[in-house]
Structure formats: C-alpha cells, structure tokens
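> Structure provided below as structure tokens; questions to follow.
The values are calculated or read from the model by the stated rules, or taken from the named source; none is laboratory data. Being a predicted model, the structure only gives us computed values, none of them experimental. Cβ: placed from backbone, ideal geometry, glycine included. Neighbour counts: every protein chain shown. When the accessible area is computed, the model is the full protein with side chains, heavy atoms only, and any ligands, DNA or RNA have been set aside. Shrake-Rupley method; radii C 1.70, N 1.55, O 1.52, S 1.80 Å.
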Amino acid sequence: MKVLKEKLLATLPNECTICDEIFDKKAPDALKTWQLVQEGKYIGLYCPFCWEHSKEGASLFLETKQ
C-alpha cells in the first residue's frame with residue numbers, strides 16, 4: 001500500500017494550480033486538506049485557500065445567473 005501511495009504522490013503537481021504554493025508531498029495531512037481535480041489527462045491541485053475562494057467565486061457567479 002505504501003508503494004502505491006508513493007507512486008500516486010509522484011504523479012501529482014508540486015504546487016497549487018492557482019497560486020503556486022508548494023505542495024508538501026511528505027506532509028501527512030496534505031492529501032486531506034488539498035483538493036485534486038482530474039478531467040481526462042488534466043490534473044489540477046488546489047491549496048485549501050484557493051479552493052475555498054474558488055467555491056465562493058463559483059457561488060457568486062451562479063447567484064448572478066439566476
């Protein structure tokens with residue numbers, strides 16, 4: 001199981017897709033707090049700060065469309 005986790009971590013980006021904050025692949029809680037979005041071959045990795053702000057922005061956008 002440890003080898004599988006290491007292989008998965010090796011394929012992830014090294015920083016946040018939006019703000020370039022470094023993703024510490026050795027931090028035990030990193031996978032619990034960062035968000036991973038995969039669409040086809042695209043892999044987006046978002047730090048907690050950017051993910052939260054993205055959700056707020058999406059909510060505001062949807063409210064204006066109603």
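> Excluding same-chain residues fewer than 8 positions from Lys25, which lysines have a Cα within less than 25 Å of its Cα?
The reachable lysines, counting only those whose Cα sits under 25 Å from Lys25, are Lys2, Lys5, Lys7, Lys41, Lys55.
> Sticking with this one: Using a 1.4 angstrom probe on heavy atoms only, work out the carbon and sulfur share of the accessible area of the chain in %.
Within the chain, the accessible surface is 59 percent carbon and sulfur.
> Here is a follow-up. When you take every Cα atom in the chain, what is the radius of gyration, and what is Dmax, the widest Cα pair distance, in Å?
Rg then Dmax for the chain, in Å: 14.1, 48.
> Per residue, how large is the accessible surface of the chain? Use a 1.4 angstrom probe and give square angstrom.
Dividing the accessible area of the chain by its residue count gives 83 Å².
> What is the sum of charges around Trp34, taking Lys and Arg as +1, Asp and Glu as -1, for the other residues whose C-beta is under 11 Å from the C-beta of Trp34?
Value of the local net charge: -2.
> Which order do the peptides 2-13, 25-36, 44-55 take when ranked by the mean count of other beta-carbon atoms within 10 Å per residue, highest first?
Those peptides, ordered most packed to least, come out 44-55, 25-36, 2-13.
> Now a separate question. Just add up the charged neighbours of Leu9: K/R +1, D/E -1, any other residue whose Cβ is under 12 Å from the Cβ of Leu9.
So the surrounding residues net to +3.
> With charges set only on the Cβ (+1 for Lys and Arg, -1 for Asp and Glu), what does the dipole of the chain come to about its Cα centre, in debye to the nearest 20?
So the magnitude is around 400 debye.
> Could you work out the helix-only [θ] at 222 nm for the chain, with each DSSP H run of four or more residues adding -39,500 (n - 2.57) and the total divided by the number of residues, to the nearest 500 deg cm²/dmol?
Roughly -14500 deg cm²/dmol at 222 nm, from the helical runs in the chain.
> Follow-up question, since we're still on this one. Measuring from label point to label point, each 7 Å out along Cα→Cβ, what is the Lys32 to Thr11 span in nm?
About 2.4 nm separates the two model spin labels.
> Please give the contour-minus-distance gain from Ile22 to Leu4: 0.36 nm per residue of separation, less the Cα-Cα distance, rounded to one decimal in nm.
Here the segment from Ile22 to Leu4 would lengthen by 4.3 nm.
> Just going by the charge dipole of the chain, with Lys and Arg at +1 and Asp and Glu at -1 on Cβ, which of Ala10, Gln35, Ser54 is farthest out on the positive end?
Final value for the positive-end residue is Ala10.
> List the aspartates and glutamates whose Cα sits under 19 Å from the Cα of Lys32, skipping any in the same chain fewer than 8 residues away.
Leaving aside aspartates and glutamates fewer than 8 places away in the same chain, those within reach of Lys32 are Glu6, Glu15, Asp20, Glu21, Asp24, Glu52.
> Separate question: Mind checking the angle between helix 2-11 and the chain's longest principal axis? C-alpha axes, 0 to 90 degrees, to the nearest 10.
The angle comes out near 50 degrees.
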